[in-house]
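The values are calculated or read from the model by the stated rules, or taken from the named source; none is laboratory data. Here the structure is a predicted model, which is why all the values come from computation and not from measurement. Neighbour counts are summed over all protein chains in view; Cβ atoms, including those assigned to glycine, are modelled from backbone coordinates with ideal geometry.
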Amino acid sequence: MVETFALKSTWEKNKCSTIHQIVVEKLTKNVNEAHLEEIFCAYGEIKEIDLPLNRQYNHNRGTAYILYETSTAAQDAITHMHEGQLDGAIISVSI
C-alpha cells in the first residue's frame, strides 16, 4: 500500500514538472500566429501554436495555446508576459 502511494506521488510530481503549454487570453482580433511566435519565441523554442478561429468571422477567439519545448521556457513566458500589453490590450498568460 505504501509503495502505491509513493509511485503515485512521484508520478504526480513528474506530471506537474513537465507542463510546457501556456494559455494566452484576452487577445484582440488583430493578433495572429505570426505575432504570437515573434513575441513568445523570446522565452524559448516553441513547438506549436494553436489559435482557434471563429469560423463565422474568420478571426481568433481571443485565446491561444502555446506549447514550448521546456517547462522553463513556459514559466519564463508566464513570468514576463502575464498582464503585459499586446496590440493595445492587457493579456492574461497562465498554465
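Of all residues in the range 3-20, none are surrounded by 10 or more Cβ atoms within 10 Å (Cβ to Cβ), under 11 Å from the mean Cα position of the chain (by Cα), under 19 Å from HIS80 (Cβ atoms) and modelled with pLDDT of 95 or more.
Checked against (1) assigned to a loop (DSSP other than H, G, I, E, B); (2) closer than 18 Å to ILE95 by Cβ, ILE49 meets all criteria but (1).
Of the residues making up the range 50-95, those that are among the hydroxyl-bearing types (Ser, Thr, Tyr) and within 17 Å of GLN21 (Cα to Cα) are THR63, TYR65, TYR68, THR70, SER71, THR72, THR79, SER92, SER94. Checked against the criterion of being surrounded by 14 or more Cβ atoms within 10 Å (Cβ to Cβ), more than 12 Å from the chain's Cα centre (by Cα) and aliphatic (A, V, I, L, M), the candidates LEU36, LEU27 yield just one match: LEU27.
Please go through the range 52-94 and give me each residue that is surrounded by 19 or more Cβ atoms within 10 Å (Cβ to Cβ) and either assigned to a strand (DSSP E or B) or in contact (Cβ under 8 Å) with a residue 60 or more places away in the chain (or both), ordered by number. ASN60, ALA64, ILE66, TYR68, LEU86, ILE91, VAL93 - these are the residues of the range 52-94 that are surrounded by 19 or more Cβ atoms within 10 Å (Cβ to Cβ) and either assigned to a strand (DSSP E or B) or in contact (Cβ under 8 Å) with a residue 60 or more places away in the chain (or both). Each residue in the range 43-95 was checked for being within 11 Å of GLU25 (Cβ to Cβ) and β-branched (Val, Ile, Thr), and 4 of them qualify. For the range 22-49, a tally of residues being farther than 15 Å from ASP87 by Cβ and in contact with an Asp or Glu (Cβ under 9 Å, 6 or more places away or on another chain) returns 7.
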